[in-house]
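Shown next, in structure tokens, is the structure this report addresses.
The values are calculated or read from the model by the stated rules, or taken from the named source; none is laboratory data. Model, not experiment: these values are computed from the prediction. When we count neighbours, we look across all protein chains shown, and the Cβ atoms used for this are built from the backbone with ideal geometry, even at glycine. All accessible areas refer to the heavy atoms of the entire protein, side chains included, with ligands and DNA or RNA removed. Shrake-Rupley method; radii C 1.70, N 1.55, O 1.52, S 1.80 Å.
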Amino acid sequence: MISVAPVGMVMMDDQSNITGVNNAFCAVSGYSEDELMAPMRMADLIPPDGRGPIYKAVAEMVAARAELYEGEHQVVHSSGDLRWCYFRVSWVYDKNEGRYFYVAQVLDITDQKKVEHMKNEFVATVSHELRTPLTSIKGALGLIRATKAQVQARVLRIANRRIQ
């Protein structure tokens, strides 16, 4: 069931050594199952500056005896590219082995992050482009309130040209 799951799945021991993966996770990481199982740790797939936050969050989950941690973290693809992934990490007790292990569901959200970034840039650009003419219009209206009719007509013509 795990091997055909559409979401990346990773099983790890309590030292974050990878003990099992599925094809979807192999696609996210860019590594084959053999490469991931030949001793590799999950930490090897996370950028050094991103390891602290996930370690801390998972340690807090274990300390609180919580069942699930969820968060967004980057994964280093075998090509060296960084991929944004949504992690759901569970801490499970294996009665047969008599020890705990981790199961992580890993969903690649890189494309969603790119779309979100483009949307934010677009909104910032539109906001800036609207602010410039609106500032001129606001200034012109302020002058109209403070001046005589002859000057008001001239200021209105200038403001009208700014809008077009």
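Brief remarks follow.
- Contact order relative to length of the chain, as percent, for alpha carbon pairs under 8 angstrom and 6 or more apart: 18 percent
- Spin-label pair Glu67/Val123, simplified geometry with 7 Å Cα→Cβ offset, distance in nm: 3.5 nm
- Based on C-alpha pairs under 8 angstrom that are at least 6 apart in sequence, segment 23-107 has a relative contact order of 24 percent.
- Angle of helix 110-146 to the longest C-alpha principal axis of the chain, folded into 0 to 90 degrees and rounded to 10: 20°.
- Peptide packing for 84-92, 116-124 was compared via the average number of neighbouring C-beta atoms within 10 Å per residue; ordered from the highest value, the list is 84-92, 116-124.
- Cross-link reach is defined here as a Cα-Cα straight distance under 19 Å, omitting same-chain residues fewer than 8 places apart; for Lys114 the aspartates and glutamates meeting it are Glu72, Asp81.
- Accessible surface for Tyr93 stands near 110 Å², nearest 10, in the context of the full protein assembly shown (1.4 Å probe).
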